[in-house]
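Shown next, in structure tokens, is the structure this report addresses.
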Protein chains: 2
Amino acid sequence: MQYRIMFEQDPRNKQRRRAPSARSLQTRARILDAAERIFAERGFEGASVRDIAARAGVPAGLVHHHGGGKAELFRRTVARRADELSALRLGALETCRAAGPLTLSAVLTAFAGPFFHQVRQGGPQWSAYARLVAHVSADPRWRPIAAECFDPTAARFIDEIAALFPDADRQRIATGLVYSVAAMLAHLTSGWRVGALDGSGGEGATDLDRLVAYCAAGIEAAIHCAGKSE
Amino acid sequence: MQYRIMFEQDPRNKQRRRAPSARSLQTRARILDAAERIFAERGFEGASVRDIAARAGVPAGLVHHHGGGKAELFRRTVARRADELSALRLGALETCRAAGPLTLSAVLTAFAGPFFHQVRQGGPQWSAYARLVAHVSADPRWRPIAAECFDPTAARFIDEIAALFPDADRQRIATGLVYSVAAMLAHLTSGWRVGALDGSGGEGATDLDRLVAYCAAGIEAAIHCAGKSE
DNA sequence: GTCTATATGTAGATAGAC
DNA sequence: GTCTATCTACATATAGAC
């Protein structure tokens with residue numbers, strides 16, 4: 001039998017609550033799923049709390065109750081899968097390291113692969129999440145959210161790349177990773193564009209290997225480029 | 001707020017009008033400038049016609065009169081500089097061609113350079129325009145606008161690159177250009193990110209040469225990569 | 001073309017019953 | 001926790017005087 005041991009000494013923990021019921025957790029998950037879809041589809045302002053509530057099948061008041069307001073709901077929606085994604089990325093990195101000496105392509109595959117795989121195999125919610133991240137990434141207003149959710153892991157991968165190129169300027173590596181993230185998000189969200197521009201309209205454009213090849217060659221070139229500043 | 005997004009593209013709706021007065025043209029330009037700033041800053045739904053009117057220094061009614069409604073105003077705002085940008089890009093391409101045999105780097109410089117230069121030298125309106133284009137590019141709802149404003153020129157540059165690599169799969173080239181556009185927009189809009197991730201907070205991250213080096217190497221790698229599909 | 005006033009709908013948020 | 005009803009603010013859009 002398990003029961004809760006609680007201490008009341010710490011005033012900061014005064015707002016500790018009972019463990020949420022299974023129903024409550026389910027409701028929260030439904031709301032987050034709905035928010036993920038609607039925010040991804042229409043952006044922050046384009047989405048309405050009412051529409052999110054309707055998709056989740058709950059009254060609008062519950063969305064405020066569980067989400068903490070629209071802006072906080074947005075932040076929580078981004079943060080939820082960011083934690084999972086970071087764990088997958090760091091796990092992939094360690095798996096690569098255990099398999100042998102790291103290469104730039106391996107590091108980039110560890111970075112992009114998990115997101116890529118989840119979008120392809122993880123169901124429509126992950127596909128929506130990719131579009132949501134693209135919104136966050138494209139809009140400087142969400143910089144605090146991006147910093148909270150993605151910067152620590154990004155910095156970790158910059159460290160790994162920097163270790164592979166000891167003489168490289170760290171800023172160039174960071175720039176290269178920013179470009180690569182942009183390319184990755186373009187891939188994950190804009191398959192239509194690849195098809196439309198070359199007239200084939202085909203589906204076969206999503207290819208992790210080619211994305212990694214692009215990013216790895218690009219980063220190496222950016223590191224070694226002697227380009228002058230304007 | 002949610003509503004239908006519609007565009008006035010039907011040629012049957014064309015009526016012949018008198019030549020607009022100088023004052024009218026000036027008012028239209030002020031409204032487009034204001035819309036460019038506000039749409040870039042807050043996205044389509046986050047922007048309000050009232051805020052645009054306030055920034056332009058005109059009554060809100062005039063924005064509707066000249067802009068044709070919010071959605072149509074958005075489309076016109078994107079299209080205005082797109083025409084100028086396309087002309088600059090195609091001009092740069094012909095200048096390069098006249099100077100000697102084209103290279104991939106030269107083609108990419110002709111593509112990215114004019115936008116890059118306008119953002120750096122063309123004043124705050126061009127900087128806002130880059131953020132606006134990033135919004136358009138990140139949101140599939142604006143696909144019709146992107147197709148109208150950017151696809152013809154993009155297809156032209158794909159042709160040029162395809163001519164340089166006669167044996168290359170055209171779809172791979174298109175994919176590489178999509179990645180490169182994403183990287184270019186990330187560069188033009190997210191200087192903060194480059195600084196924040198490597199801890200320097202510096203400004204010197206904008207460098208056309210390095211961007212082109214990144215994109216050129218990436219595209220070549222994507223073309224030649226033997227990567228299997230998943 | 002310009003500007004004021006206003007029509008009409010919807011937004012986020014909350015109070016309070018259950 | 002859940003849900004109904006509602007408050008207040010602000011959105012787009014237009015009618016009509018000048």
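Computed from the coordinates by the stated procedures, all read-outs in this text should not be read as laboratory data. Since the structure is predicted, the reported quantities are computational estimates derived from the model, not experimental observations. Every residue, glycine among them, receives a Cβ derived from its backbone with ideal geometry; neighbour counts consider all protein chains shown.
Of note:
- Region B:108-155 shape via C-alpha gyration tensor axes, a/c threshold 1.5: oblate
- Label distances, nm, B:Glu148 versus same residue in remaining copies, Cβ-directed 7 Å point: 3.8
- For region B:81-230, diffusion coefficient by Stokes-Einstein and Kirkwood Rh (Cα), 4 °C, 1.567 mPa s, µm²/s: 80
- Geometric extent, Cα atoms of region A:16-83 - Rg, Dmax (angstrom): 11.4, 35
- Dipole orientation for region A:81-230: of the candidates A:Pro166, A:Phe116, A:His135, A:His135 has the Cα lying most toward the positive pole (charges on Cβ; Lys, Arg +1; Asp, Glu -1).
- Each copy carries a label point for B:Gln125 at 7 Å from Cα toward Cβ; from one copy, the others' points are 4.7 nm away, ordered from shortest.
- Peptide-level mean, for A:167-180, of C-beta atoms on other protein chains within 10 Å: 6
- Taking every residue in B:141-149 and counting other chain Cβ atoms within 10 Å of its Cβ, the average works out to 2.
- Label-to-label distances for B:Pro101 across copies, nearest first, come out at 3.6 nm, using points 7 Å from Cα in the beta-carbon direction.
- Coupling constants for region A:52-61 follow from the phi torsions by the Karplus curve (6.51 cos²θ - 1.76 cosθ + 1.60, θ = phi - 60°), and in residue order they are 4, 4, 4, 5, 6, x, 10, x, 4, x Hz; glycine and proline get x.
- Other residues lying with their Cβ under 15 Å from the Cβ of A:Ala106 contribute a combined charge of -2, Lys and Arg counting +1, Asp and Glu -1.
- Efficiency of FRET from Cβ geometry, B:Ala29 and B:Asp151, R₀ 41 Å, rounded to 0.05: 0.95
- For B:Gly69, distant residues with modelled amide H under 5 Å away: none
- Within region B:81-230: Cβ-based charge dipole about Cα centre, in debye rounded to nearest 20 (Lys, Arg +1; Asp, Glu -1): 200
- Derived scalar couplings ³J(HN,Hα) [region A:72-88; Karplus, 6.51 cos²θ - 1.76 cosθ + 1.60; whole Hz; x for Gly, Pro]: 5, 4, 4, 4, 5, 5, 5, 5, 3, 7, 4, 4, 5, 5, 4, 4, 5
- Rounded to the nearest 20 debye, the dipole magnitude of region A:23-160 is 460 debye, with +1 charges on Lys and Arg beta carbons, -1 on Asp and Glu beta carbons, and the Cα centre as origin.
- The HN-Hα couplings worked out from phi for region B:147-164 by the Karplus form 6.51 cos²θ - 1.76 cosθ + 1.60 (θ = phi - 60°) are 4, 5, 8, 10, 5, x, 5, 4, 4, 4, 6, 4, 4, 4, 5, 4, 5, 7 Hz, whole numbers, x standing for Gly and Pro.
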